[in-house]
Each structure stands twice: as C-alpha cells, then as structure tokens.
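The values are calculated or read from the model by the stated rules, or taken from the named source; none is laboratory data. Bear in mind the structure is a predicted one, so any value in this text is a computation, not a measurement. When we count neighbours, we look across all protein chains shown, and the Cβ atoms used for this are built from the backbone with ideal geometry, even at glycine.
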Amino acid sequence: MTIRKSTAMIAAITMLAVGACSKKAPETLPPVPEGTGTDTGAGTGTGVIPGSQEDFLASVGLEGDRIFFDFDQYNVDSADMATLQGQAQWLQRNPAVRVTLEGHADERGTRDYNIALGERRANAAKNYLASLGVDPSRISVISYGKERPAEIGSTEEAYAKNRRAVTVVIGR
Amino acid sequence: MSLRPIGLSLALLLTTAPVFAQTAPVPPTVVPTEPRETIEGTLSNERTVIAIPSLATSSVQTVAGLRTDSLGRQIAEVIAADLERSGLYEPVGPGGVRAITRAEVQAPRFADWQARNAENVVHGFVDASGTGGLVVGCYLYDTALGSELVRKGFEIQPGDWRRAAHKCADAIYSRLSGEAPFFDSRVAYIAESGPKGNRIKRLAIMDSDGGNHRFITNGQSLAISPRFSPDYKKIVYVSYLNNRVRVFIYDIAAGSQKLVTESGNATFAPRWSPDGTQILYSMAVGGNTDIYRISANGGTPVRLTSTPGIDVGGSFSPDGRKIVFESDRSGSQQIYTMNIDGSNQQRISFGGGRAATPEWSPRGDLIAFTRMGGGEFRIGVMTPTGGSVRMLTNSWQDEAPTWSPNGRVIQFFRTTPGREGKSSLWQVDLTGVNLRRLPTPQDGSDPSWGPVLP
C-alpha cells in the first residue's frame, strides 16, 4: 500500500490540526496495514462475502479498522491517516457499503464529557474519510464514551487501546 | 402511594389505644437483617445517643400479610439506620433494648432510658387501622427533661411502612439538628452487571437508604445518567436504544418512554429544571457539543452555548434562574455558570486539574463537582462563584455528585481500578467525615437523588 497525498487530504490535515496542536506524546501506534487488499479485497476465493465486516477486517489488516488518540485529544495524525486511507480504499471498492464510526474514550474522564469526546474522535475520522472521497452519507457516527473499553484495565497500555475510533460495517 | 399524615390528638390516641388485651408483652420478632452499609469514615464521638425500642402495637394483627409487631421492629430498625447514617446520632436499639408496652408510648419510663445513657428516646406504635391500612405514630422525648419534643402520626397503606419510618426519622432529625428533612426521598441510578467490556447497565430506583429497590429497564439497551422529575413521576435518562445516543423521558406509572427531542444527532446529559417544566440536555453536532434547553413537553429547543469546544452537562440553580455547566473552552474541562437564556457565561473553577459534573445544591449555597487531577477523581464543593473549595473524598475515582434534598449530604459513585474494578454508590456529608457505601443488589453508578417525597 502506498500513501497517496491529495489536496483534499492536505486541507483536511490543516483543518484537523487547528486546535489540536501537536501534543502527541510517543505512543504505541498500530502498524500501517500492509500486504492486504490490493484490488478485489481478501474476499476472493476465501468464502468471505465481499463487502462484509469480515471482508473489511481482512482487507485493512490488524487493527486497521481503528485509529488511536492521545489523552483528551482528537486529532488525526499521520499513522491514523495511513489507516484511514486503507479503509477508504476498501470503501471505494465497495461503494454500496455503509459503516458506523464508533468513538471511544478511556476511563479517565467523566461520563458525559467522554461521550462528547468520543463524538469528536468519530467525527474526526469521518471527516478524514470524507476528505479522501468517501461519501459522508455512508458514514454514521456513535460515541460510547467510556462505556465500551476494548482493553480492560487501568494501565497506560489499556488506556491507549481504548482512546479510539473504530469503523464497523453495518450493511448495504 | 398514599401516606396521610394524621394529627395525634389525645382523643385519637385513646381510640387507637384501647384496653390492652395482650396477656404478656409481645416478644420482639426476630427479623432477618441485611447489612445496611459499610462504615468507612472516622466517627465523631460527640454523637447524640438515641434509644429506639421496637414500636409497640395495641394488638398483634396481620394486615396484608404483615404482622403489626414485626412491623414495629422493622420500622424502628429503619429509623435507627437513617439516624445512624446521618452521622449525627448513635442509635441504641431496637436490638438489645427491651420492648415497650403500648401504654409506655405516651408515658415513657425516662429513668430506664437515662440509665442507657440515652439523651433521647423514640417511642411509637403500629396498629391496624380497621380499614385495611395501618396507623403509625412516633414520638421523640428528651429523657433528662422528661418532655416530648415531637410527634408524628400517619395512616398508611401497609406497603408504605418504610415511608412512615423515614417520615419519623425525618421528624426526629429535623427537630434535633434544625436541618430540613431528607430521609423520605428516592434515588434513581444505574445498576451494572456483566463484563467490563460489555457492561449491562439498567435504570433502577430505590429509597434513599436502598430500600424498595426496583429495576426499571431490562438491560437490553445501555442506560446512563438518570434524573428523577421533581414529582417523581418520570425519569429523564440516556438510552442507547437502536444504537443511538438519545435522551428519553420514562413515565414510571405508564411504563413507557418518549424522546425529549427528535434529532439525528446524539443527545445526552439531561437535567430537569427545579419546577419540572424544562429539560436541559447536551447535543453533539459534527463533533461539537453544546447545551440546549427544551420544554419537558417538547417544542423548539433553545441553544444556550455556541463555543467551538465541548459544552456539556448542566444543573439549574434552585431558583431556576441560573445554570452551572462544564466546558473545555479554556483548553481543559472547567466549570462555568450562565443565565438560563445562555447569557453571562463565566468560569468559576480554577486551581489545579480539571473540574466536571457540577450540581447545584437544593439550598443554593454550594455547587458539588468532580475534581480530576493526579490520576484521581474526587468530590468537592465550592460556592456558586467558585470560592471556598473543599474536597470531601479522596479515592481513586469518585464521580458524579448528587445532593440530598436538604443540601447536607452528597451521593456519588466510586470506581476501583483494574480488571476487576467495581462501581458502587456512596454518600458523604459536608464534613467529609461520614462516608458510607449504599447497599445495592448489583454494582451501581450515576446516582440521582430526588426531593423529599410529595
């Protein structure tokens, strides 16, 4: 997979960077998806239904369905962009598919604020996908705040996994 | 629910206290008791000792399956637990003190209770009303002066016996402390069960002491942040029904719910106005959250905030003229006040860390909030202009304060860290000393304390 630069993307970066600044501390980030999903997706000949959640996950690779955020932040960084580009490629190959972007927060925020923060994160991911040409009407957004941690625990490692926006295929 | 106060005139007492037919004092029935709370704080040793023997009965009768003598014991237990939980009193009894006769209710043997070092003694009775109900009376006496301080009487449906007990405890508490009553009130909260990654969260209600517990929703949809309407007929809360985040008003008697407002956007963090006519909520549009106000009957919402940051939550002042809310417009979560039309927005929280979940005291004098800093959440109070900040708790994560009806006690939920971390309901008084856990059948969070019952 190659990272394509586009004017829309640069515009989006500029937009998202405003107010988010560059407070990114070193953090464990998901590897850029590699070696999957060239043209027809992983569905070909594997019994996986093209356009399904399973097909999506096979295409975007390990943790390619999600991007991660710093504490109390919602900016999309370069690693996140690579992940979302992988998602956008699959979405463009499957133009009838609709997805939900789930925004999440770690447990170190109060409940209502974390719902608002999850909304910010999911919308940041949605806006970036839209900037890559994905029709935003295909993307719905829901925030779970701190209600649905991916990693159970009260460690920095768990928190880093929980501050996320996850793309989930919901159908056609 | 019916609980009719009655005047305890001498005439009434004479008519409800006929000749004692009992051949022997009714032995106190042993009622299984469950642990009511965990005492955590350091107790002051200046607490007033109050003797509370089982309430007497004129004759043992069974009303709606309840024996009047058993109820006399149970009501005394509830009164004692209420007074103990206030942190101001040291109840003695009903266990371990002698039973009283029906005649003693109005003629206490003061010397006996003084001998138990009790400055006050509570006497009362439970009688069948003759019409399928119960008559409950309670009296507070000063043992040294040998005088009556307060008396209350109620004609109740048998199922309301706990309310009669709370009313008696309220009368005693108010008479001795000079504070407004608060025991006869209810709490809505979220009962939690299941694994932490896929928690089942149900709307539930209970008395202020954990009694009369009842689940409202079945847990199929995630439920959070409930608030009782001031008349206790409805609960506003957030449900993830159909995988959306929306504020609903649940009608308790009808068992049905309706949306507060139709919107394609997420709505959350609801609160009632003190008169129950308005609802405050937060709505996220394109990732930007602002606060809105709408009639409880629907209509057009009024947008109150418009900054690019997160403006969320909110709580009305008791006079309904101001709103305290949180915003990260300064760069981190802090607490602000504004007029109910959204004008005059002013930051009131300063100092270290973030400040969130503000709740205006029903007395109007204080705002309770959650302070986040150093990896911990603590419950604090400050004045409506942000002065006199005092932290009341010190634990890993204490969140979401809610006030007792008289503004003297705060409930909140406490979470413990780690994979096996639990959430539970707690309360603390304004001294920060009387810290107790509330009993709930499952884990609990998001408590919301309503007013004194109508």
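Worth a mention:
- Residues of the range B:397-454 satisfying the condition of being among the small types (Gly, Ala, Ser) and either within 13 Å of another protein chain (Cβ to nearest Cβ) or at negative phi (or both): B:Ala400, B:Ser404, B:Gly418, B:Gly421, B:Ser423, B:Ser424, B:Gly444, B:Ser445, B:Ser448, B:Gly450
- Number of the exception - B:Gly194 against (1) within 22 Å of the chain's Cα centre (by Cα); (2) within 14 Å of chain A (Cβ to nearest Cβ): (1)
- For the condition within 27 Å of the chain's Cα centre (by Cα), of a type in the set (Gly, Ala, Ser) and assigned to a loop (DSSP other than H, G, I, E, B), B:Gly314 does not qualify.
- Residues (farther than 29 Å from B:Met372 by Cβ and within 14 Å of another protein chain (Cβ to nearest Cβ)) located in the range A:61-99: A:Arg98, A:Val99
- Taken over the range B:150-189, the criterion of being in a strand (DSSP E or B) and in contact with a His (Cβ under 9 Å, 6 or more places away or on another chain) is satisfied by B:Ser185 alone.
- Restricting the range A:100-144 to residues that are assigned to a strand (DSSP E or B), facing another protein chain (nearest Cβ under 10 Å) and touching a Ser or Thr at 6+ places or on another chain (Cβ under 9 Å), the residue that is farthest from B:Gly313 (Cα to Cα): A:Thr100
- Sole residue being β-branched (Val, Ile, Thr), surrounded by fewer than 18 Cβ atoms within 10 Å (Cβ to Cβ) and not in a loop (DSSP other than H, G, I, E, B), chosen from B:Thr289, B:Thr267, B:Thr307, B:Thr300: B:Thr300
- Answer from B:Phe377, B:Phe369 - the residue that is within 14 Å of chain A (Cβ to nearest Cβ), crowded, with 21+ Cβ neighbours inside 10 Å, over 28 Å from B:Gly320 (Cβ atoms) and not small (Gly, Ala, Ser): B:Phe377
- Any hit, the range B:275-284, residues being free of Cβ contacts under 8 Å to residues at least 40 places away in the same chain, within 23 Å of B:Ile348 (Cβ to Cβ) and in a loop (DSSP other than H, G, I, E, B): no
- Screening B:Ser208, B:Ser221 for residues that are buried (at least 16 other Cβ atoms within 10 Å of the Cβ) and within 14 Å of chain A (Cβ to nearest Cβ) leaves exactly one candidate, B:Ser221.
- B:Ile294 fulfils the conditions (1) assigned to a strand (DSSP E or B); (2) of a type outside the set (Phe, Trp, Tyr); (3) within 28 Å of B:Asp429 (Cα to Cα) except for a single criterion, (3).
- Restricting B:Ala81, B:Ala76, B:Ala107, B:Ala103 to residues that are within 16 Å of B:Asp209 (Cα to Cα), modelled with pLDDT of 95 or more and surrounded by fewer than 23 Cβ atoms within 10 Å (Cβ to Cβ) narrows the list to B:Ala81.
- Any chance B:Tyr237 is within 16 Å of the chain's Cα centre (by Cα), within 30 Å of A:Arg121 (Cα to Cα) and surrounded by 22 or more Cβ atoms within 10 Å (Cβ to Cβ): no
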